[in-house]
Amino acid sequence: SRLPIVAIDGPAGAGKSTVTRAFARQMGLVYLDTGAMYRALTWWVLRQGADPADAAAVEPLLLDLDLQLSAGGAGEQLVSINGFDVTEAIRSPEVTAQVSLVAAHGCVRQALTAQQQAMGLKGGLVAEGRDIGTAVFPDAELKVFLTATAAERARRRAQDLERRGFEVPPLAELEAQIAARDHQDSSREVAPLCQAEDAVELVTDGMAIKAVIQALVDLFRERV
Ligand code: C5P
């Protein structure tokens, strides 16, 4: 037996990280941002000069991979790979543009899914990603599919980039990038982005962050 697990999946830019982090803190659960793991590996692939689309070039980098997540001060998650702190670097537009290519490889999914499952053995965590409810923790006590329209997600991504000090492309361009990443994530063969049958769908257009967090708390109290 283990403590409960909450799975939060959904497309890019739905605000998953912000609300999941706050929800985790409020409920005393460990926060696991699995996208950060795919991003960190992508950062490493690019740094090694390997082709992100080439599984045979990426696979050797999975041997001796030292990918670590740890809790930072404000409840944020610090990420390091092979000794490099990449907490900030993994949010760059370059990593964002390539991550879906790396995440599509079966060998990559196998390695990172195994690490995520090991981290969840005792439960007591909320994991956020694309395939948590379907592949990583199919027995999660609560599964939520968090989404919003592409236009709304593009607006949120723009705010996020601005806050992090990156250049902000026009909204139409951001929306196209988000749609492309969703398409790549949904159409891959291994563990594609899709709503688990037993997931609760939460469409967050027009909802304040606080209201989304409260909706998660209510669902947890009702169902777990
Ligand atoms: O959530 P975030 O935008 O940081 O995820 C970055 C990318 O990592 C996604 O677009 C997807 O390609 C990949 N990912 C995944 N499975 C997860 C989490 C993220 O394939 N569970």
Surface accessible to a 1.4 Å probe, per residue, for the residues of region 43-150, Å² | 43
Rel. contact order, % - alpha carbon contacts under 8 angstrom, at least six apart, the chain = 33
Could you check how much of the accessible area of region 94-217 is carbon and sulfur, as a whole percent, using a 1.4 Å probe?
-> 55
Work out which helices of the chain, taken as complete DSSP H runs, extend at least 15 Å along their axis over the Cα atoms and score a mean Kyte-Doolittle of -1.0 or more, then list them.
-> 16-27, 34-47, 93-103, 106-119, 171-187, 209-223
For region 84-174, calculate the relative contact order in percent as a whole number, restricting contacts to Cα pairs under 8 Å that are 6 or more residues apart.
-> 16
Rounded, prolate or oblate: which fits region 47-190 when a ≥ b ≥ c are the square roots of the eigenvalues of the alpha-carbon gyration tensor, with rounded for a/c under 1.5 and prolate only if a/b beats b/c?
-> rounded
Residue range of the chain that is longest and free of trypsin sites (Lys or Arg not before Pro) which are both DSSP loop and sparsely packed (at most 16 other C-beta within 10 Å) = 3-121
Could you give the size of the charge dipole of region 129-224 about its Cα centre, using +1 on the Cβ of each K and R and -1 on the Cβ of each D and E, expressed in debye and rounded to the nearest 20?
-> 360
Treat each spin label as a single point 7 Å out from the Cα along the C-beta direction, and report the ASP54 to ARG164 distance in nm.
-> 2.7
Which listed residue (ALA127, GLN184, ALA57) has the Cα farthest towards the positive end of the charge dipole for the chain, taking +1 on Lys and Arg C-beta and -1 on Asp and Glu C-beta about the Cα centre?
-> ALA127
If every Lys and Arg gets +1 and every Asp and Glu gets -1 at its Cβ, then about the Cα centre the chain yields a dipole, in debye to the nearest 20, of 580
What lysines could a cross-link reach from LYS16, if we take a straight Cα to Cα line under 21 Å and drop same-chain neighbours fewer than 8 places away?
-> LYS143, LYS210
With all protein chains present, how much of the accessible area of region 11-54 (probe radius 1.4 Å) comes from carbon and sulfur, to the nearest whole percent?
-> 46
FRET efficiency for LEU78 and ALA172 from the Cβ-Cβ distance with R0 = 30 Å, rounded to 0.05, comes out at 0.30
Would you kindly state how much longer the chain becomes between ASP66 and ASP85 on full extension, computed as 0.36 nm times their sequence separation minus their alpha carbon distance, in nm to one decimal?
-> 5.7 nm
For the pair LYS210 and LYS122, what calculated FRET efficiency results from E = 1/(1 + (r/R0)^6), where r is the Cβ-Cβ distance and R0 = 25 Å, to the nearest 0.05?
-> 0.25
For region 184-224, listing GluC sites (Glu not before Pro) in a DSSP loop whose Cβ sees at most 11 other Cβ atoms within 10 Å gives GLU189, GLU197
With the Cα gyration tensor of region 105-224 giving a ≥ b ≥ c as the square roots of its eigenvalues, does the rule (a/c under 1.5 for rounded; else a/b larger than b/c for prolate; else oblate) give rounded, prolate or oblate?
-> oblate
Report, in whole Å, the centroid distance computed from the Cα atoms of region 61-87 and region 24-50.
-> 7
Share, in percent, of DSSP beta bridges within the chain that are antiparallel, nearest 5 | 30
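The values are calculated or read from the model by the stated rules, or taken from the named source; none is laboratory data. Being a predicted model, the structure only gives us computed values, none of them experimental. Reconstructed Cβ throughout: ideal geometry from the backbone, glycine too, with neighbour counts over all protein chains shown. Ligands, DNA and RNA are stripped out before the accessible areas are found, and what is left, the full protein with its side chains, is counted by its heavy atoms. Shrake-Rupley method; radii C 1.70, N 1.55, O 1.52, S 1.80 Å.
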